[in-house]
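K.L.:
Provided herewith is a single structure, encoded as structure tokens, for subsequent inquiry.
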Amino acid sequence: MKPKILSTKELTEQQRNMLEEANITVFEADFIKVKGIDFNCPKEIENAIFTSKNSVKQIYNRDITIKNSYCVGDKTEAFLIAKGYPVTEKAYQAKGLATKIINNHKEKEFIFFCGDRRREELPALLSEHGVAFKEIEVYKTEADSKQLFEEFDGIMFFSPSAVQSFTLKNHIEEAVVFSLGKTTEAEVKKHTNNIITANKPTIENVIVQVIKHFNS
């Protein structure tokens, strides 16, 4: 019998095909929604920090010029470059990006574009090391929970917010949880220890872990 997996966000066709080609049935449902909010910022920015694609989406089409971008993740980097924003530094976690900024760009001033649920690691580290930055909140993350009446062999979570939203109306039960990263894993641990965490924080790597687990 084919394993049945839930993705707590909509996948791309290519991501979906990875699972289907591995003989895994995938169901998809978005458990969070992102809403842009009004914000004010300079039209010309020397150094901007982004920890997610969501922030980039909110500033694009606002006629804002950014000379140097500092970002978390391959997807954020690719999206910035596609939208014409040069990337100066990239890391795979917020802590890693903060460390690169502290080591290589400590004398510069930054604008950190973020959401209302941004984590503390990056701003805390920058403040601790005297890096000048200003936070500008550009979107809000809201739960979009729905009750599911099916049982799944595995559940993929890509953010702590999605875990919180899912567990408002559902139980993880016996499913194996596949987590994007350590912060998501920490939220999942409030509900189960049956977790496999991606060794690289990308959706594709989460899917690779799913395939490895069920096809081993």
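K.L.:
Only one of these conditions is not met by Lys33: (1) under 19 Å from the mean Cα position of the chain (by Cα); (2) surrounded by 16 or more Cβ atoms within 10 Å (Cβ to Cβ); (3) not in a loop (DSSP other than H, G, I, E, B). Which number is it?
P.N.:
Condition (2) is where Lys33 drops out.
K.L.:
Before we move on, is Ala162 surrounded by 15 or more Cβ atoms within 10 Å (Cβ to Cβ), over 22 Å from Lys67 (Cβ atoms), over 19 Å from the mean Cα position of the chain (by Cα) and touching a residue at least 12 places away in the same chain (Cβ under 8 Å)? Break it down stepwise before answering.
P.N.:
Numbers: surrounded by 15 or more Cβ atoms within 10 Å (Cβ to Cβ): yes; over 22 Å from Lys67 (Cβ atoms): yes; over 19 Å from the mean Cα position of the chain (by Cα): no; touching a residue at least 12 places away in the same chain (Cβ under 8 Å): yes.
Spelling it out, it is not the case that Ala162 is surrounded by 15 or more Cβ atoms within 10 Å (Cβ to Cβ), over 22 Å from Lys67 (Cβ atoms), over 19 Å from the mean Cα position of the chain (by Cα) and touching a residue at least 12 places away in the same chain (Cβ under 8 Å).
K.L.:
Here is a further query. Looking at the range 69-82, can you tell me whether even one residue there is out of contact with any His (no Cβ under 7 Å at 6 or more places or on another chain), among the polar types (S, T, N, Q) and surrounded by fewer than 18 Cβ atoms within 10 Å (Cβ to Cβ)?
P.N.:
Checked the range 69-82: no residue is out of contact with any His (no Cβ under 7 Å at 6 or more places or on another chain), among the polar types (S, T, N, Q) and surrounded by fewer than 18 Cβ atoms within 10 Å (Cβ to Cβ).
K.L.:
How many residues does the range 106-146 hold that are open to solvent by 60 Å² or more (accessible area, probe 1.4 Å), closer than 21 Å to Glu44 by Cα and without any contact (Cβ under 8 Å) to a residue 60 or more places away in the chain?
P.N.:
Residues that pass the stated criteria total 4.
K.L.:
Given the criterion over 18 Å from the mean Cα position of the chain (by Cα), farther than 27 Å from Arg62 by Cα and among the acidic types (Asp, Glu), identify the matching residue among Glu28, Glu20.
P.N.:
Glu20
K.L.:
I've got another one for you. Counting residues that are modelled with pLDDT under 95, which helices (runs of 4 or more DSSP H) fully inside the range 99-204 reach at least 3?
P.N.:
182-188
K.L.:
Of all residues in the range 187-216, count the ones that are surrounded by 14 or more Cβ atoms within 10 Å (Cβ to Cβ), under 16 Å from Glu21 (Cα atoms) and of a type in the set (Gly, Ala, Ser).
P.N.:
Residues meeting the conditions: 0.
The values are calculated or read from the model by the stated rules, or taken from the named source; none is laboratory data. This structure is a prediction, so every number in the text was calculated from the model and none was measured. When we count neighbours, we look across all protein chains shown, and the Cβ atoms used for this are built from the backbone with ideal geometry, even at glycine. Keep in mind that these areas ignore ligands, DNA and RNA; they rest on the heavy atoms of the full protein, side chains included. Shrake-Rupley method; radii C 1.70, N 1.55, O 1.52, S 1.80 Å.
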